[in-house]
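Remarks on the structure that follows.
The values are calculated or read from the model by the stated rules, or taken from the named source; none is laboratory data. Quick caveat, the model's predicted, so the values are computed rather than measured. Cβ placement follows ideal geometry from the backbone for every residue including glycine, while neighbour counts extend to all protein chains displayed. Heavy atoms of the whole protein, side chains included, go into the accessibility calculation; ligands, DNA and RNA do not. Shrake-Rupley method; radii C 1.70, N 1.55, O 1.52, S 1.80 Å.
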There are 2 protein chains.
Amino acid sequence: MAQCVKKEDDPERPKPHYLPKTENYTCELVLRLLFLVSRTEHTWLFLDCEDLAATPFLRETNPTSQVVYINLLPCLLLVLGKTCVQYAVRGELYLRASELQKEGKKIIFTNVGNPHALGQKPLTFPRQVVALCQAPFLLDDPNVGLIFPADAISRAKHYLSITTGGLGAYSDSRGIPGVRKEVAEFIERRDGYPSDPELIYLTDGASKGVMQILNTIIRGEGDGVLVPVPQYPLYSAAISLFGGSLVPYYLEETANWGLDLNNLRQSVAQAALKESLLVRAMVIINPGNPTGQCLSEANLREILNFCFHEGLVLLGDEVYQQNIYQDERPFISARKVLIGMGLPISKEVQLVSFHTVSKGYWGECGQRGGYFEMTNIPPQTVDEIYKVASIALSPNVPAQIFMGLMVNPPKPGDISYEQFVRESKGILESLRRRARIMTDGFNNCRNIVCNFTEGAMYSFPQIRLPPRAIEAAKRAGKVADVFYCLKLLEATGISTVPGSGFGQKEGVFHLRTTILPAEEDMPAIMDSFKKFNDEFMEQYEDHRGYSRM
Amino acid sequence: MAQCVKKEDDPERPKPHYLPKTENYTCELVLRLLFLVSRTEHTWLFLDCEDLAATPFLRETNPTSQVVYINLLPCLLLVLGKTCVQYAVRGELYLRASELQKEGKKIIFTNVGNPHALGQKPLTFPRQVVALCQAPFLLDDPNVGLIFPADAISRAKHYLSITTGGLGAYSDSRGIPGVRKEVAEFIERRDGYPSDPELIYLTDGASKGVMQILNTIIRGEGDGVLVPVPQYPLYSAAISLFGGSLVPYYLEETANWGLDLNNLRQSVAQAALKESLLVRAMVIINPGNPTGQCLSEANLREILNFCFHEGLVLLGDEVYQQNIYQDERPFISARKVLIGMGLPISKEVQLVSFHTVSKGYWGECGQRGGYFEMTNIPPQTVDEIYKVASIALSPNVPAQIFMGLMVNPPKPGDISYEQFVRESKGILESLRRRARIMTDGFNNCRNIVCNFTEGAMYSFPQIRLPPRAIEAAKRAGKVADVFYCLKLLEATGISTVPGSGFGQKEGVFHLRTTILPAEEDMPAIMDSFKKFNDEFMEQYEDHRGYSRM
């Protein structure tokens, strides 16, 4: 039974109320009654520990204090119990960088993989097609051929013919059937196995797809999801938002961010026995974000075997499949490996794979287009996912057209083919060179070691911070890598994301930067970084030792 | 403690397993162990009632039976406990209509407010601007002036100048600051009170905004949200998806779908005392969907007063604010009424208002653009909502440009002004005539009464079904209005949504249709409807009586 406890030493909170003792009130109802009283008299609510034990959502907001006091007016209304969502990619560093930019400082935003924002030009052909779809009346204009090539015009007519009402009409909630067919054909060409358009759902970007699937899997905090650490914080944030539990498995930096099956097994066992979690799903990011590694076929087989024996749904985040910067480990999809493993595994492991128009050499982030493909998901679950997709009616239609164009680009012989190849190869080859410049640049800096970016769009160097830097950070009330990244930002304008935003082993520090700044700016950026870093190390190093490797 | 119970009479499920009795296992863990056993031996799990009591998520899936048997393989993996989401707008009727269409039958889709799918032409000027933003290289083409007017060109340049990287770059997660400023200026012109762009977030359509706010408000099944009945099923589906509880309040059909405060008070009291729910928010849809009524200023004042005294967040779904078909009750925003009420209410009632580019005379559903504006939401909650918005990075950028254009259309003197006015007035005036044709058509049918569509895009006639029709439906295993709508679909190709999808009083039946079919087709559609209805009534009427009014 909730009671109000007077907290004598706080003159700001003068009017505690005592409730009549009634066994029939639930905690929620008591809170509501108190709230109604407080509405008119500006009273604060005091709860003693006994109440907390009976009111989990309050206990969570303040787990250590003996007495909790709450101004009921704002916090009962909204968001209480949901304040735990963290999202580092747009966190403290990003906010500070935005402030500095407003003050006139030149900021190099490397916090998000957002190529066009850093000057990457869009591919011409797909933009021509979508522009024509947006302005279908141009197709009747006698001058249209003066500024649009014939293959863009005919492709626009094709896409308009497979919609009902053009870009302004809701499509089927799963996406335009004709585009899903194009996606299925792309997957079949890529993997060598047929793909079913009915199991492909188009989404407003891959993140929205991941969120929908996680929302479907998670029923409550007893449900665990295995997530690699370091991880892209979409996963931690979405799992927290939907009320589930993240179960981390560590990638091994010294083994080029490889995945060790023993770590995985240990994570699941610990989650089950210590936290009573039911692990229901596992996430892999291939190529890795922020870690940049490409998974080998052998590693993928191990993972799929593990999912089979543990009964886990595998979520394959494969949005960087076109971003590969070495030849030893080309991208191979989880689906291709799964089907190649044969029965019973090929028909039993449930897999959801994600892709997007935001990455690759497209970088069409702002269009928000993506898809997910379901393999071995039971039909009634597929129906359920369809229903949930229907709530928001349909993914945006222009980005569906971009997805069609991405999986079905101009072919040899088409008018726009050569231009398309020239543009896309130019972007990919430059990214490959930039990955190399950046890794070498970081490895050239005092107290920094960095694995090569095999794929994706990021560099994730380890910063071996001297103990005095860690102490200075503590005095400033900052996590040590946040402290370092803030100093870097102030000194150079380079806006990165501290490794703690992705998770890292205790006492080890990183930062993440994209490899996206323009190639011609890259040497100057790395020089500026090196100058800052060397001065930082000089300032804080006392030759007693470093944070461990 | 979970035990497996053998169900002798079922030869399909032969291998029950008994678990070792250990007090330390939680129900979830027991299920997990059983599941791992079943993975290899295809065992089914049998649970007796005692286990059910301890395992709420199982109890919910099958509340009546004494013994539950589950094939663990599919259902433990995904979605168990989430199968309750219903979404009638794309439900049984829609699926059947899609089938019939595939078979070659001509279907008139009036199930979703999707104007372009029914032939409404997009407004020319905004499409020109967005096409140019998609293809910015056209701005350097000497021939661009041959097919685009100068004001579209200069507006496209303006929008590109306020993005960082054009339509292909993620914007700020709240939307492009310059567009949010245009929205704030629109709200100020509309309401006569200043609006703060920092409290306006752009979204991928209004539905996504509603879902985000409901996800923020709902912490668990103890949280109630007041929703009008009949209601647009976005609300019931999203509340169910996020695990909250819908608290219905009934609109009065005989009072032109008006809202009675006594009904509201009764709903809250009942929810609190009978179901121990904490009602945290209230939804109004103005103009109403599916009911089409416009709320008066007096009614809005009553609602805001109620929210003040009950401490509720008000969600104002105002997506149909441009769709008004009478002059007695023009649209007035909840925000305008709230601020006009003065202190303390104007500073205390928390309000979130929603708008979209999908409705009005725009009908740009497929673009997925919307916004929500927050009034009196505490700053820390606004920050939290920003963080959640950041998880999916940004709303799609093309639709943000559409939103800018919607709130800031061509002005007198602009080259495109006259065309824009001609197009938009043409659409609105035709909708007004269609609303009248449809209402009159329904009221002209046997056993049908229909309130006039004052606003929005729907007609919601009451069908007084004869007892013999209700009996026939029961024999067919259908809800009576579903039975009627299916017969209508098969006979005429008109695809509607049964009233039960929106909620209605017990024993009263409706259907919802949009008023969107082309004006020239309208008389034929209403004739075809009348013919079907009169024959249906003739077949089932025995003059004993009807379902009650």
Task: Of residues in region A:88-126 being open to solvent by 20 Å² or more (accessible area, probe 1.4 Å) and of a type in the set (Phe, Trp, Tyr), the one farthest from the chain's Cα centre (by Cα) - done: A:109
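Yes or no, residue by residue, for (1) farther than 21 Å from residue A:350 by Cβ; (2) among the acidic types (Asp, Glu); (3) in contact (Cβ under 8 Å) with a residue 12 or more places away in the chain; (4) open to solvent by less than 40 Å² (accessible area, probe 1.4 Å):
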residue: A:255; (1), (2), (3), (4): yes, no, no, no
residue: A:261; (1), (2), (3), (4): no, no, yes, yes
residue: A:267; (1), (2), (3), (4): no, no, yes, yes
residue: A:271; (1), (2), (3), (4): no, no, yes, yes
residue: A:275; (1), (2), (3), (4): yes, yes, yes, no
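Counting residues that are surrounded by 23 or more Cβ atoms within 10 Å (Cβ to Cβ), which helices (runs of 4 or more DSSP H) fully inside region B:301-406 reach at least 1?
Hits in region B:301-406: B:334-340, B:379-391.
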Open item on the list: Can you go through A:209, A:178 and tell me which one is small (Gly, Ala, Ser), crowded, with 22+ Cβ neighbours inside 10 Å and on the phi < 0 side of the Ramachandran plot?
Closed with: A:209
Open item on the list: For region B:152-175, which positions are under 11 Å from residue B:201 (Cα atoms) and open to solvent by 20 Å² or more (accessible area, probe 1.4 Å)?
Closed with: B:172, B:174
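Residue by residue, here is whether (1) within 10 Å of chain A (Cβ to nearest Cβ); (2) more than 23 Å from residue B:360 (Cα to Cα); (3) at pLDDT 95 or above; (4) part of a helix (DSSP H, G or I) holds:
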| residue | (1), (2), (3), (4) |
| --- | --- |
| B:128 | yes, no, yes, yes |
| B:131 | yes, no, yes, yes |
| B:172 | yes, yes, no, no |
| B:175 | no, no, yes, no |
| B:180 | no, no, yes, yes |
| B:186 | no, no, yes, yes |
| B:210 | yes, no, yes, yes |
| B:216 | yes, yes, no, yes |
Open item on the list: Would you confirm, using the coordinates I've provided, whether residue A:191 is within 14 Å of another protein chain (Cβ to nearest Cβ) and open to solvent by less than 30 Å² (accessible area, probe 1.4 Å)?
Closed with: no
Open item on the list: When you check residue A:459 against the structure, is it in contact with a helix residue (DSSP H, G or I) (Cβ under 9 Å, 6 or more places away or on another chain), among the polar types (S, T, N, Q) and open to solvent by 20 Å² or more (accessible area, probe 1.4 Å), yes or no?
Closed with: no
Task: Neighbours by Cβ (under 9 Å, 6+ apart or cross-chain): first from region A:475-503, without any contact (Cβ under 8 Å) to a residue 60 or more places away in the chain and over 17 Å from residue A:521 (Cα atoms); second among the hydrophobic types (A, V, I, L, M, F, W, C) and in a loop (DSSP other than H, G, I, E, B) - done: A:479/A:509; A:481/A:465; A:481/A:509; A:483/A:465; A:483/A:476; A:484/A:465; A:484/A:509
Task: Filter pass, residue A:220 being part of a loop (DSSP other than H, G, I, E, B) and either small (Gly, Ala, Ser) or more than 9 Å from chain B (Cβ to nearest Cβ) (or both) - done: yes
TODO: Could you grab the pairs with beta carbons closer than 7 Å, sequence gap of 6+ or different chains, first residue in region B:135-149 and within 9 Å of chain A (Cβ to nearest Cβ), second one of a type in the set (Gly, Ala, Ser)?
DONE: B:135/A:131; B:136/B:166
